[in-house]
1. Answer yes or no: is there a residue in the range 166-187 that is in a loop (DSSP other than H, G, I, E, B), within 12 Å of the ligand (Cβ to nearest atom) and modelled with pLDDT of 95 or more.
2. Check residue 243 against each of (1) in contact with a Lys or Arg (Cβ under 9 Å, 6 or more places away or on another chain); (2) of a type in the set (Val, Ile, Thr); (3) farther than 30 Å from residue 377 by Cβ and name the one condition it does not meet.
3. Suppose we keep only residues that are of a type in the set (Gly, Ala, Ser) and in contact with a Phe, Trp or Tyr (Cβ under 9 Å, 6 or more places away or on another chain) within the range 110-127. Which one would you say is nearest to the ligand (Cβ to nearest atom)?
4. Could you identify the single residue in 262, 287, 280 that is assigned to a loop (DSSP other than H, G, I, E, B), in contact (Cβ under 8 Å) with a residue 60 or more places away in the chain and within 16 Å of the ligand (Cβ to nearest atom)?
5. For the range 129-137, does any single residue satisfy the condition of being in contact with a His (Cβ under 6 Å, 6 or more places away or on another chain) and crowded, with 22+ Cβ neighbours inside 10 Å?
6. So, in the range 98-109, of the ones that are more than 12 Å from the ligand (Cβ to nearest atom) and not aromatic (Phe, Trp, Tyr), which residue ends up nearest to the chain's Cα centre (by Cα)?
Amino acid sequence: MNDILRKQFLMHVGQTSPSPMMIEVARAEGTFFYTPEGKRYFDLVAGVSVNNVGHGNRKVIEAVQRQAADYMHIMVYGEMIERPQVEYARRIAALLPGGLDSVYFVNSGAEAVEGALKLAKRHTRRTEMISMRRAYHGSTHGAMSMMGAPEGEEWKAAFRPLLPDVRAIDYNSFEQLGLITERTACVLCEPVQGEAGVRLPAPGYLQALRKRCDEVGAMLIFDEIQTGLGRTGEMFACLKYGVAPDIICLAKAFGGGMPLGGFVARHEVMSDLTTDPALGHITTFGGHPVSCAAALAALDYLVDNRIVEDVERKGALFEKLVSQCRGVEEVRRSGLLMAVELGSSEKLYRIMSLFARRGIMSDWFLYCDTAFRISPPLTIADEEIAECCSIIESCLDDL
Ligand SMILES: Cc1ncc(COP(=O)(O)O)c(C=O)c1O
């Protein structure tokens with residue numbers, strides 16, 4: 001363990017919490033990453049649903065190297081024709097439902113959410129924006145405004161004033177859909193709530209939400225930043241649940257391991273950002289050619305190797321093995337996005353340190369500190385699932 005590096009990390013790298021994990025990474029491959037001492041970790045977080053195609057994917061590495069050698073940044077986003085960007089946008093559009101055919105590329109999830117909110121306000125000429133309680137959409141002022149109260153309050157309070165005219169409704173409450181009205185520009189919703197601890201939509205809820213938005217002319221925005229690119233067992237959760245949004249936000253796995261975000265709408269909606277005012281959203285690095293090249297290679301990898309088709313089966317295998325373990329109260333799951341409920345935060349903190357010692361990287365959720373996360377690379381092999389579950393079992397036995 002390199003003590004000097006640890007001290008420099010704490011001193012010079014801006015910190016986000018008083019207790020970072022502090023595991024030094026030397027390399028990563030497939031489902032695992034390794035410390036300089038050679039300790040292996042099962043990666044059950046995958047960078048929070050980023051590394052869907054596995055660490056060190058050769059196709060992605062080659063695409064990055066090729067594109068970096070051809071050209072990197074030339075000009076701010078939207079001015080030049082860059083083949084990786086055009087090709088990726090075309091491919092994503094072909095996979096999405098509801099005529100969502102225009103991709104605005106940005107850098108991150110929060111920026112995708114910012115762009116989508118601005119587009120909805122610009123398109124509807126309305127101001128009210130509705131979010132879901134226990135939603136997480138990012139940490140910038142606009143995205144943070146949409147962290148549904150009251151749970152989001154812990155993060156929001158110190159940064160007020162935030163965006164005005166924002167209200168939160170309960171995810172899965174059919175009654176509260178009536179709060180969406182002709183004043184509402186948009187409703188922002190994760191089809192499966194991630195940081196709430198993997199909460200699935202109640203049967204018919206997303207359909208009812210779609211219907212209510214249509215009745216009052218509000219735009220429905222899906223945040224698929226965590227669920228997109230195969231995580232739930234379909235390429236996008238909106239396909240799994242059969243509801244097409246007006247705008248979809250993508251990031252995380254969208255970049256194939258590189259920083260990339262996007263919000264996607266129908267072409268005639270998206271073109272609102274080009275007039276009145278022109279340059280309705282500006283980003284320098286959005287859709288960086290190296291990120292788009294990596295993303296394209298990752299998408300090809302998912303499709304060519306039929307990775308997404310196998311996600312539900314792998315998720316079910318994980319669920320079966322984990323739910324037999326001592327102390328597991330519930331498993332909430334959509335594909336390979338899983339929360340294993342232990343019912344107590346004290347147990348969760350203890351299991352986390354056992355996991356770390358025995359080579360498992362997991363995490364809790366922003367709004368749920370009683371469950372641990374299982375969202376590994378989608379490429380995880382059956383034998384790896386079995387081995388990982390036996391380590392999880394031994395940790396739970398020793399709790
Ligand atoms: C559902 C969801 N939306 C948005 C974000 C924000 O993405 P980023 O951290 O890239 O800004 C996250 C990040 O965890 C997320 O899980």
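1. Of the residues in the range 166-187, the ones in a loop (DSSP other than H, G, I, E, B) are 170-174, 180-183.
Now narrow it down to the ones that are within 12 Å of the ligand (Cβ to nearest atom): none.
Checked the range 166-187: no residue is in a loop (DSSP other than H, G, I, E, B), within 12 Å of the ligand (Cβ to nearest atom) and modelled with pLDDT of 95 or more.
2. Going through the list (1) in contact with a Lys or Arg (Cβ under 9 Å, 6 or more places away or on another chain); (2) of a type in the set (Val, Ile, Thr); (3) farther than 30 Å from residue 377 by Cβ, residue 243 breaks only (3).
3. So the first thing to find is which residues in the range 110-127 are of a type in the set (Gly, Ala, Ser), and the list is 110, 112, 115-116, 120.
Those still in the list that are in contact with a Phe, Trp or Tyr (Cβ under 9 Å, 6 or more places away or on another chain) too: 112, 115-116.
Numbers: 112: 7, 115: 12, 116: 11 Å.
In this case the residue turns out to be 112.
4. On the way: 262 fails: assigned to a loop (DSSP other than H, G, I, E, B); 280 fails: within 16 Å of the ligand (Cβ to nearest atom).
Going through 262, 287, 280 in turn, just one is assigned to a loop (DSSP other than H, G, I, E, B), in contact (Cβ under 8 Å) with a residue 60 or more places away in the chain and within 16 Å of the ligand (Cβ to nearest atom): 287.
5. First, the residues of the range 129-137 that are in contact with a His (Cβ under 6 Å, 6 or more places away or on another chain): none.
No, the range 129-137 contains no residue that is in contact with a His (Cβ under 6 Å, 6 or more places away or on another chain) and crowded, with 22+ Cβ neighbours inside 10 Å.
6. Narrowing the range 98-109 to residues more than 12 Å from the ligand (Cβ to nearest atom): 98-105.
Those left that are additionally not aromatic (Phe, Trp, Tyr): 98-103.
Details: 98: 21, 99: 22, 100: 19, 101: 21, 102: 20, 103: 17 Å.
So the residue we want is 103.
One line per residue, one yes/no per condition, for (1) closer than 24 Å to residue 184 by Cβ; (2) in contact with a helix residue (DSSP H, G or I) (Cβ under 7 Å, 6 or more places away or on another chain):
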{"position": "90", "(1), (2)": "no, no"}
{"position": "97", "(1), (2)": "yes, yes"}
{"position": "109", "(1), (2)": "yes, yes"}
{"position": "112", "(1), (2)": "yes, no"}
{"position": "115", "(1), (2)": "yes, no"}
{"position": "119", "(1), (2)": "yes, yes"}
{"position": "122", "(1), (2)": "yes, yes"}
{"position": "127", "(1), (2)": "yes, yes"}
{"position": "131", "(1), (2)": "yes, no"}
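For every residue, the table says whether it meets (1) over 20 Å from the mean Cα position of the chain (by Cα); (2) in the same structural domain as residue 383 (by TED's automatic domain parsing); (3) within 25 Å of residue 109 (Cα to Cα); (4) more than 16 Å from the ligand (Cβ to nearest atom).
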| position | (1), (2), (3), (4) |
| --- | --- |
| 14 | yes, yes, yes, no |
| 29 | yes, yes, yes, yes |
| 33 | yes, yes, yes, yes |
| 38 | yes, yes, no, yes |
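The values are calculated or read from the model by the stated rules, or taken from the named source; none is laboratory data. Quick caveat: nothing in here was measured; it's all calculated off a predicted structure. Here Cβ is always computed from backbone atoms with ideal geometry, including for glycine, and neighbour counts include all displayed protein chains.
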